[in-house]
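Notes follow once the structure below has been shown.
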Amino acid sequence: MSAELSTAELSDRYVIPTYGRFKVSLARGAGCRVWDEEGREYLDFGAGIAVTSLGHCHPRVVARMREQLGVLVHTSNLYYTRPQAELAKRLVEIVGAPGKIFFCNSGAEANEALYKLTRKFGNECNGFAHASGGTSNPDAPVRRGIVSMLGSFHGRTLGGIAATGQDKVKKGFEPAVEGFSHTAFNDTEALRDAAEAPGLAAILLEPIQGEGGIHAARPEFLREARALCDRHSLLLLFDEVQCGLGRSGDWNGWDSLAPDVKPDAVSWAKGIAGGFPLGAVWVSARPVQMRSGEIKPLCDLLGPGSHGTTFGGTPLICAGALEVLAVIEEEHLLENARVQGRRAVASLEALASPWIRDVRGVGLLLGIELSADFAAQGGLPPGKTPSLFLVERLHEAGLLTIPSGTHTIRWLPPLTVTAAEVDEAVGILSRVLASLPRS
């Protein structure tokens with residue numbers, strides 16, 4: 001029966017429809033290109049939603065993982081493996097501050113670890129320890145709350161849904177997990193008010209919001225968040241699942257905005273392993289005081305039995321991730337992300353298209369916001385958002401992109417993208433926009 005069905009028909013019959021899929025069945029990829037089952041070529045500016053950071057099938061990563069496949073694939077986390085230990089060391093170096101790493105499989109899982117860290121911190125700690133010491137208070141009220149940002153996205157687990165500042169992901173999954181509240185992104189006054197809430201234990205934010213439409217935090221907002229966390233003994237948590245590990249043009253998204261700010265914990269995934277499922281969390285070694293009076297590093301709060309994963313951090317995936325990070329460094333891809341990101345923004349702005357309201361982003365995390373009257377002027381079919389409509393037209397023209405909200409499309413090309421490929425993408429977009437009828 002399967003041989004008689006197309007890939008789309010087979011999927012529609014047997015795969016739970018949690019995704020509204022585009023009418024494209026991809027078969028292979030190389031670099032910044034993919035081909036569908038009919039052999040049609042596409043320029044891939046979606047990169048698996050910022051995942052294939054080195055493009056498709058980078059030869060060095062393929063070779064390293066083939067080598068590891070013949071040595072050791074999986075052991076469980078009951079044992080030590082060299083690739084995991086070396087990857088943890090490299091990630092701590094990338095943050096540039098003492099700490100430790102927890103490995104998992106995805107961004108949603110990495111964020112769940114942040115929520116559990118916060119609960120542990122709020123339930124069992126008085127707060128940050130200071131050089132002058134302090135008095136433990138086992139009877140102090142517990143603090144479990146996390147305030148995150150409106151417009152944010154933190155995954156589709158029940159905890160991630162509660163943390164996300166968008167109502168559309170919450171519908172049908174009530175009641176929400178307790179302990180989460182939301183405040184306006186980039187509004188320092190609102191953040192100050194939120195930090196005063198009783199029972200708050202952490203501030204969670206994306207330095208650059210991805211799903212919310214590509215919005216970067218202002219440097220003063222990040223600095224104020226750090227100051228408030230220090231003042232009120234709160235954890236500062238950064239979700240860098242989409243913007244981290246090179247996409248912004250720096251290893252850390254926050255370093256592209258306010259390099260003087262350091263969080264207490266960070267979540268990563270997407271581009272970390274170039275297409276293989278891996279998530280990770282860095283937790284600072286900053287000392288905290290337990291209610292018992294003991295002082296220990298924050299990164300040791302989640303001890304044996306408190307959290308875990310079967311597949312997170314296997315030797316196979318960690319070997320691949322180490323190679324991905326090595327390629328980014330050795331081929332100077334952080335600089336390339338900055339250079340090609342600036343080229344894309346300048347070229348898009350030079351189009352001066354009436355269909356484009358704004359172009360924004362950091363590095364190769366770019367958002368193209370469409371005009372407010374796009375729907376009225378472009379003759380959209382009923383029920384179709386401008387971003388989805390345009391993405392489908394771009395697919396027809398040979399360019400893969402990702403919608404972000406109702407009026408923004410995302411460009412997330414591999415960090416290896418060339419100037420010629422940026423120019424090609426701008427040319428495709430220009431021709432598609434020029435072909436739209438304007439009433």
* Structure fact -> Result of the Cβ filter at 6 Å on segment 391-417, keeping first residues that are at pLDDT below 95 and surrounded by fewer than 19 Cβ atoms within 10 Å (Cβ to Cβ) and partners that are assigned to a loop (DSSP other than H, G, I, E, B) and not aromatic (Phe, Trp, Tyr), at least 6 apart or interchain, is 406/385
* To do: Look at residue 60 and say whether it is of a type in the set (D, E, K, R) and not assigned by TED's automatic domain parsing to the domain that holds residue 409.
  => yes
* Asked: Yes or no: residue 348 modelled with pLDDT of 95 or more and touching an Asp or Glu at 6+ places or on another chain (Cβ under 8 Å)?
  -> no
* Residues that are among the charged types (D, E, K, R) and either under 21 Å from residue 424 (Cα atoms) or assigned to a strand (DSSP E or B) (or both), drawn from segment 38-61 -> 40, 41, 44
* Asked: in contact (Cβ under 8 Å) with a residue 40 or more places away in the chain, over 22 Å from the mean Cα position of the chain (by Cα), in the same structural domain as residue 311 (by TED's automatic domain parsing) and surrounded by fewer than 19 Cβ atoms within 10 Å (Cβ to Cβ): does that describe residue 137?
  -> yes
* **Index of the failed condition, residue 64 passing every other in (1) part of a strand (DSSP E or B); (2) buried (at least 21 other Cβ atoms within 10 Å of the Cβ)** => (1)
* Determine which member of the set 148, 106, 152 is closer than 28 Å to residue 65 by Cα and at pLDDT 95 or above. => 106
* To do: Working carefully through the options 91, 150, find the one that is under 22 Å from residue 205 (Cβ atoms), surrounded by fewer than 22 Cβ atoms within 10 Å (Cβ to Cβ) and in the same structural domain as residue 184 (by TED's automatic domain parsing).
  => 150
* Asked: For segment 1-37, how many residues meet the condition of being touching a strand residue (DSSP E or B) at 6+ places or on another chain (Cβ under 9 Å) and not in a helix (DSSP H, G or I)?
  -> 15
* Collect the residues in segment 244-262 that are among the aliphatic types (A, V, I, L, M) and crowded, with 24+ Cβ neighbours inside 10 Å, keeping them in residue-number order. => 245
* Structure fact -> When residue 241 is run through (1) out of contact with any Lys or Arg (no Cβ under 8 Å at 6 or more places or on another chain); (2) within 18 Å of residue 151 (Cβ to Cβ); (3) crowded, with 23+ Cβ neighbours inside 10 Å, the failure sits at (1)
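Table: residues versus (1) within 13 Å of residue 103 (Cα to Cα); (2) surrounded by 21 or more Cβ atoms within 10 Å (Cβ to Cβ); (3) in contact with a Gly (Cβ under 9 Å, 6 or more places away or on another chain); (4) aromatic (Phe, Trp, Tyr).
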{"site": "282", "(1), (2), (3), (4)": "yes, yes, yes, yes"}
{"site": "287", "(1), (2), (3), (4)": "no, no, no, no"}
{"site": "295", "(1), (2), (3), (4)": "no, no, yes, no"}
{"site": "300", "(1), (2), (3), (4)": "no, no, no, no"}
{"site": "306", "(1), (2), (3), (4)": "no, no, no, no"}
{"site": "312", "(1), (2), (3), (4)": "yes, yes, yes, no"}
{"site": "318", "(1), (2), (3), (4)": "yes, yes, no, no"}
{"site": "321", "(1), (2), (3), (4)": "yes, yes, yes, no"}
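The values are calculated or read from the model by the stated rules, or taken from the named source; none is laboratory data. On a predicted model such as this, the values are computed, not experimentally measured, just so you know. Neighbour counts run over all protein chains shown; Cβ positions are idealised from the backbone, glycine included.
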